[in-house]
Amino acid sequence: MSQVLKVPILDLKAEYAELRDEILQALDHVCQTSAFVEGPEVAALEREFADFIGVKHCVALSSGTAALHLGLLSFGVQAGCEVITTPNTFLATAEAITYCGATPVLVDIDPATANIDPKLIERAITPRTKAIIPVHLYGRPADMDPIREIAAKHNLKILEDAAQAVGARYRTQRVGGIGNCAAFSFYPAKNLGAYGEGGALTTNDDAIAKYARAARSHGQSARYEHEFVGFNYRMQGFQGAVLRIKLRRLHAWTDRRRAISQRYIESFAKVKLTMPKDDPRDYCVYHQFAIYVGNRNALIAKLAERGIDTAVHYPRPVNLQPAYLSLGDPAGTFPHAERACETVLSLPNHPYLSDAQVDHVISSVTEILGTD
């Protein structure tokens, strides 16, 4: 019997094999200088990442969740406020709102993109609304122009959740510099991933950057000068060192992700599945390559038999998670988001896939689902 060609959903071991010498040297340097918390590597990452995004400020943090939290606090979000976002996201988007004592107000997605539908935002605005969090899901930019128009009209702030979208562009502008500020995650599985937790807040607003820099380190404006009660949201020196090495390769890695995704899009055009639509004016970085199928569990099992890993991002919308049943948005409230969560499946898409592995995924999905 011929050996099954394994296709992992992610391959951080292959990535490490390529980067190992550089990584070990950089980590040794952090140890030699004892710069374990923040320090020169983190400061250098902040400069380099700000340049990459095209913004004045990058504040390196301990996680993407911390970035969401501090972004909202910098807007003055507090108890009694409401923040509008999408139900089709990882829970951290809503959690950050809750951390501030505010209430998440959910708005359904545009089924074509899986991102928040700008046409539905305005009707969700109340006198308590303080901000909007558009999520650039799977690395596909949300439709920011109408969101910015709504925010300007109602005097609302915008926090981009760019956790999955490092390097993506909306029209000609990189995400991360479009709203008042943006949150990035460097969780290891991300397109730009740390070797542990990490995140960043990017902004062109001096006041937001100044607040976030103090808030991440116990509210300190200078050593042992605590202006307010803050948090321990600092980035570790190791993570700064690792991320600087990876940032230099991000363009090449993104090109490979996009090339694989383009092959999927072309190959699946007549297969019995649907895919989110890309706006040709935008630049999607395909953190996940998502498809929608009616028989998801059967497809997962059949692909697994052929050695192909898959994942579900995400199986439930925020409003149907036990943590947020208290919002009072029962099943049926957001039909497009619910349908997406019931049918979505992520296929392997990372820079270390070989052409043979990509061919195996394409032929297997096509064979299992059939064509129109």
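Brief remarks on what is shown
- Gly307 farther than 20 Å from Arg257 by Cβ and either in contact with a strand residue (DSSP E or B) (Cβ under 8 Å, 6 or more places away or on another chain) or among the β-branched types (Val, Ile, Thr) (or both): yes
- Unmet criterion (only one of (1) open to solvent by less than 70 Å² (accessible area, probe 1.4 Å); (2) in contact (Cβ under 8 Å) with a residue 60 or more places away in the chain; (3) in a helix (DSSP H, G or I)) for Asp278: (3)
- Summed over the stretch 316-332, the residues that are in contact (Cβ under 8 Å) with a residue 40 or more places away in the chain and surrounded by fewer than 18 Cβ atoms within 10 Å (Cβ to Cβ) give a count of 2.
- Among the residues of the stretch 12-54, those that are in contact with a strand residue (DSSP E or B) (Cβ under 9 Å, 6 or more places away or on another chain), under 26 Å from Ile178 (Cα atoms) and assigned to a helix (DSSP H, G or I) comprise Val42, Ala43, Leu45, Glu46, Arg47, Glu48, Phe49, Ala50, Asp51, Phe52, Ile53.
- Of the set (1) aliphatic (A, V, I, L, M); (2) touching a Ser or Thr at 6+ places or on another chain (Cβ under 9 Å); (3) open to solvent by 20 Å² or more (accessible area, probe 1.4 Å); (4) farther than 30 Å from Gly176 by Cα, all apply to Val271 but (3).
- Matching strands (runs of 3 or more DSSP E) fully within the stretch 162-244 where at least 3 residues are surrounded by fewer than 19 Cβ atoms within 10 Å (Cβ to Cβ): 220-222
- Taking each residue of the stretch 360-372 that is modelled with pLDDT under 95 and looking for partners that are open to solvent by 40 Å² or more (accessible area, probe 1.4 Å) with beta-carbon atoms closer than 9 Å, six or more apart or interchain, yields Asp372/Lys270; Asp372/Lys272.
- Answer residue from the stretch 192-215, given it is within 16 Å of Leu45 (Cα to Cα) and of a type outside the set (Gly, Ala, Ser) and is farthest from the chain's Cα centre (by Cα) among those: Arg213
- Under the condition of being assigned to a helix (DSSP H, G or I) and within 12 Å of the chain's Cα centre (by Cα), the residues counted in the stretch 109-161 number 3.
- For the stretch 245-268, the set of residues classified as assigned to a loop (DSSP other than H, G, I, E, B) and either open to solvent by 70 Å² or more (accessible area, probe 1.4 Å) or touching a Phe, Trp or Tyr at 6+ places or on another chain (Cβ under 8 Å) (or both) consists of Arg248 only.
The values are calculated or read from the model by the stated rules, or taken from the named source; none is laboratory data. All values reported here derive from a predicted model rather than from experimental measurement. No Cβ is skipped: glycine too gets one built from the backbone with ideal geometry, and neighbour counts run over all protein chains shown. All accessible areas refer to the heavy atoms of the entire protein, side chains included, with ligands and DNA or RNA removed. Shrake-Rupley method; radii C 1.70, N 1.55, O 1.52, S 1.80 Å.
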